[in-house]
Structures are given as C-alpha cells and as structure tokens.
Amino acid sequence: MDYYRIGTLVNTHGIRGDVKVMVITDFPEERFKKGKQIILFEKPEATTGGVTMTISKAREQKGLYFLTLEGITNINDIEKYKGWTIKVPAEALHALPEGEYYYHQIIGLKVVTTAGETLGKIKEILAPGANDVWVVQREHGASDVLLPKIPQVIKTVDLEAGVVTVELMEGLID
C-alpha cells in the first residue's frame, strides 16, 4: 500500500500527551480534524510498521497543529513517537483541480525546454515562500536547475508522458 506524508510529529505539548505537528499538506483542516485517522512511521520512507491513531481534538496555531490522540493520556505514552512522520493512505488523497499536482506526481518527471532540449529530471520540490521551486537534476553532473513554479516558466505538465515543458528565463541556467 502507498502512503503519503502530511506532516511530522515534532514534539509533545504538555503533560497530558498532546502533540505538536508540523504540517505539509494543503488540506490541514481536513487531514487533522476530530475523528480522522493518521498513521505514524518512524522513518519518512517507511511503508510498513506504521502506528494508526485517531484524532480526538485538533487546533491550529501559527502554522502548527496541536493534536490530542485517542488513548494517549500522558506524555510518556507519546514521547517515543517524537520526530516520526505522519502519513495517510493513497485512497485518502483528494482529487486536485486541473493544473495542480501532488509532489509525488511531479518528482521524477523529465524536464524539456520549449526548444526541445532535455534538462534532466525533477528530483525534489522546495516550498520556500510564494511559489514552489522544482529542482531539476541535470545529466552529466551539471549543477541543478531551480525552476520557480510560475506560468512564465512551467508551460505544460504531461503526467501520462512523464514530461514537463519549460521556458527558461534569463539567469535560470549558468
């Protein structure tokens, strides 16, 4: 079964076993509401050995979520999960509007320019601020290319063909 990361349990909060979560989902209100199940994995790449927990209470504060989990009544019950990755199963993913993508759909796609030149493959996505930045690992050891996800640069994304077509702005490649 495939699982997708939605956050990290970064710390405990108080002595009753509440937790502080750093969120990495566009749907935190949905993912972290009362009654929802989350799966904790010790390592981000893990797909087995997860611990399923149910949220009994959630609140957001300054970009972090504070959760109370069913069955957890004190800090000692949750301390061992500090730093673990929070995931949901693939069937819990929402359909996205046209032109929007999950990170796992983009990472690994081949990148070509509008002139037909192959740049490489997308190896990671950074989210530093206003727009995501797609990091393209170039062939033959050349330095990575950082592509801002803006319409002036990202022209088409063809998931079926596995290709992103881009128009390079001045200064994007050395």
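Derivation of every value follows stated rules applied to the coordinates shown; laboratory data play no part. Since we're looking at a predicted model, the values are computed, not measured. Note that we place each Cβ from the backbone using ideal geometry, even for glycine, and neighbour counts take in every protein chain shown.
Tabulated values for the structure
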read-out: FRET efficiency, 1/(1 + (r/R0)^6) with R0 22 Å, evaluated for I24 and A161 via beta carbons; value: 0.20
read-out: FRET efficiency estimate (nearest 0.05) - Cβ-Cβ, Y103 to I173, R0 25 angstrom; value: 0.60
read-out: Aspartates and glutamates whose Cα lies under 18 Å from that of K155, excluding same-chain neighbours fewer than 8 positions away; value: E98, E100, E117, D132, E167, E170
read-out: Hull volume in cubic angstrom per residue (convex hull over the Cα atoms of the chain); value: 143 Å³
read-out: FRET E, pair E42, H94, Förster distance 25 Å, beta-carbon r, rounded to 0.05; value: 0.45
read-out: Filter on K33/K121; K43/K80; K36/K121; K62/K123; K20/K149 - keep pairs with C-alpha separation over 24 Å; value: K33/K121; K36/K121; K62/K123; K20/K149
read-out: For the stretch 103-166, size of Cβ-based charge dipole, Lys and Arg +1, Asp and Glu -1, in debye; value: 40 debye
read-out: Contact order normalised by residue count of the stretch 3-53, Cα under 8 Å, 6+ apart, percent; value: 27 percent
read-out: Ratio Rg/Rh [Cα only; Rh per Kirkwood] for the stretch 3-92; value: 0.92
read-out: Extension gain, R138 back to K80 (0.36 nm per residue minus Cα-Cα distance, nm); value: 16.9 nm
read-out: Extension gain (nm, one decimal) between K34 and T118, 0.36 nm per residue minus Cα-Cα; value: 25.6 nm
